[in-house]
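Structure first, commentary second.
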Amino acid sequence: MESVGTEAANMGEREFKSCDRDDVSHLSLDIGGSLIKMVYFSSGSSSPSDDQKDSYLNDGTNTSIGTSNYNGLREKLHFLKFETSKIDECIKFISSKHLRYYGGQDNKNLASEDNIIKATGGGAFKFADLFKEKLGIVLDKVDEMSCLVAGANFLLKAVNHEAFTYMDGRKDYVQINHKDLYPYLLVNVGSGVSMIKVDGDNEFERVSGTSVGGGTFWGLGRLLTKCQSFDELLELSRQGNNRVIDMLVGDIYGGTDYSKIGLTSTTIASSFGRAISANKELDDYRPEDVARSLLRMISNNIGQIAYLNALRFGLKRIIFGGFFIRGHAYTMDTISVAVDFWSKGEAKALFLRHEGFLGALGAFMNYEKNGFTDITHQFMEQSCEIAQDLVCKDEDL
Ligand SMILES: Nc1ncnc2c1ncn2[C@@H]1O[C@H](COP(=O)(O)OP(=O)(O)O)[C@@H](O)[C@H]1O
Ligand SMILES: CC(C)(COP(=O)(O)O)[C@@H](O)C(=O)NCCC(=O)O
């Protein structure tokens, strides 16, 4: 089987080749402000060695997870992403596949002769006409918040080693007892940030949000550093030193702690506060230091707002999703430290291996009206061990 998915998102320019062994079914989309996330099943007669090859060729984000035999077919679950600004790539990719099952036949509101796929996110509204025009596909819109919650609940229940803590470079998987899962705060850091109190399977309330999110990091970062890609900006931030840009408590207090209010001299007193220096321009600062300060400012802010909302509702567990996290060590570390610092160790930040795919998975779960949940559970149970090895390699975190 060809690994066109990886090319689809990363190279953009490539033509997609259709492959007659690659029947696609139950395709769902989460079309966000920055990225399109896609989940789909494929089946074919591919041999185990082909499957292995395909999986290892992928980069940990655009990947397929394992295989399972269902109805005599080798099924594979795929996770892909495209930039929303390159929606044509996504459309080209879908048109290159043989969609053998559409999930909308049970939906009375939609014309029965139409091909229908489940879609969530703002783009399910924005691009509905485009999908109809280019692919003849009707997007069956599913609410974004309910998809995020369904996706997170499903992953937390069905996939071993899905959730983990991350602190001081150390990742510890957390196996959450199903009976003890609720309530928790789900913080989805996409272009913007939604904070959702989850009380049960379909019980939730969006309790807060902030416009300072992943789009802010990438947008401001691009303006300030001239980086050409999100990953380049992340990589740059890894090499930077935020102390050059941020004003620390020690800078204000002559090198000493302000221990009376619990602030050490190395605590950031004012993000970007050092850049007020009159005789320096943007060009006088290293882009890596700017990127580092920006990532820290935004991650810290999200961690703090998340904690305050957890405090509002007495929640001890805060689960972070969304593609901003990107399995990036410094991002996760900063968020964890913020939650730990503000909660005085009472609340825990948890991260997810499929962080960016909650909405798409939730939309995918909506095929359950066609008796699909059982298949998905069966699939996930059989493949979660494989998934552990393939989806997100430790070095990505
Ligand atoms: N390859 C990428 N291109 C753009 N943004 C990326 C990429 N990888 C991670 N990101 C980050 O993820 C954010 C989008 O997260 P996502 O959960 O997909 O939200 P949305 O649904 O709003 O698109 C971006 O704003 C950016 O911070
Ligand atoms: C509008 C959104 C739900 C869209 O989701 P996204 O594409 O960012 O994942 C999200 O950007 C958001 O919650 N923004 C914060 C808005 C606010 O509460 O201020």
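Would you mind telling me which numbered condition in (1) of a type outside the set (Ser, Thr, Tyr); (2) closer than 14 Å to Arg317 by Cβ; (3) open to solvent by 30 Å² or more (accessible area, probe 1.4 Å); (4) within 16 Å of ligand 1 (Cβ to nearest atom) Asn177 fails? Of everything listed in (1) of a type outside the set (Ser, Thr, Tyr); (2) closer than 14 Å to Arg317 by Cβ; (3) open to solvent by 30 Å² or more (accessible area, probe 1.4 Å); (4) within 16 Å of ligand 1 (Cβ to nearest atom), Asn177 misses just condition (4).
Among the residues of the stretch 152-192, those that are more than 14 Å from Gly362 (Cβ to Cβ), within 16 Å of ligand 2 (Cβ to nearest atom) and in contact with a helix residue (DSSP H, G or I) (Cβ under 6 Å, 6 or more places away or on another chain) comprise Leu185, Val187, Val189, Ser191.
Close Cβ contacts (under 8 Å, 6 or more residues apart or on different chains) running from residues in the stretch 135-160 that are without any contact (Cβ under 8 Å) to a residue 24 or more places away in the chain to residues that are outside any helix (DSSP H, G or I) comprise Gly136/Asp114; Gly136/Asn115; Lys141/Ala119; Lys141/Thr120; Asp143/Thr120.
Quick grid of which residues meet (1) open to solvent by 50 Å² or more (accessible area, probe 1.4 Å); (2) in the same structural domain as Gly327 (by TED's automatic domain parsing); (3) touching a strand residue (DSSP E or B) at 6+ places or on another chain (Cβ under 6 Å); (4) away from ligand 1 (no atom under 16 Å from the Cβ):
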| position | (1), (2), (3), (4) |
| --- | --- |
| Leu220 | yes, yes, no, no |
| Gln228 | yes, yes, no, no |
| Leu234 | no, yes, no, no |
| Gly240 | no, yes, no, yes |
| Ile252 | yes, no, yes, yes |
| Lys260 | yes, no, no, yes |
| Thr264 | yes, no, no, yes |
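Residues in the stretch 163-174 that are open to solvent by less than 60 Å² (accessible area, probe 1.4 Å), closer than 16 Å to Arg317 by Cα and not aromatic (Phe, Trp, Tyr): 4 in all.
Within the stretch 122-133, is even one residue assigned to a strand (DSSP E or B), on the phi < 0 side of the Ramachandran plot and either assigned by TED's automatic domain parsing to the domain that holds Phe341 or at pLDDT 95 or above (or both)? Checked the stretch 122-133: no residue is assigned to a strand (DSSP E or B), on the phi < 0 side of the Ramachandran plot and either assigned by TED's automatic domain parsing to the domain that holds Phe341 or at pLDDT 95 or above (or both). Of the residues making up the stretch 287-323, those that are away from ligand 1 (no atom under 16 Å from the Cβ) and either under 20 Å from the mean Cα position of the chain (by Cα) or surrounded by fewer than 16 Cβ atoms within 10 Å (Cβ to Cβ) (or both) number 11.
For Asn202, the test of being on the phi < 0 side of the Ramachandran plot, away from ligand 1 (no atom under 14 Å from the Cβ) and not assigned by TED's automatic domain parsing to the domain that holds Thr331 is passed. Every condition in (1) part of a strand (DSSP E or B); (2) touching a residue at least 24 places away in the same chain (Cβ under 8 Å) holds for Val212 except the one numbered (1). Taken over the stretch 161-188, the criterion of being free of Cβ contacts under 8 Å to residues at least 12 places away in the same chain and more than 16 Å from Phe320 (Cα to Cα) is satisfied by Arg170, Asn177, Lys179, Asp180.
The values are calculated or read from the model by the stated rules, or taken from the named source; none is laboratory data. All figures in this text were calculated on a predicted structure; none of them were measured in a lab. Positions of Cβ are backbone-derived with ideal geometry, glycine not excepted, and every protein chain shown enters the neighbour counts. Ligands, DNA and RNA are stripped out before the accessible areas are found, and what is left, the full protein with its side chains, is counted by its heavy atoms. Shrake-Rupley method; radii C 1.70, N 1.55, O 1.52, S 1.80 Å.
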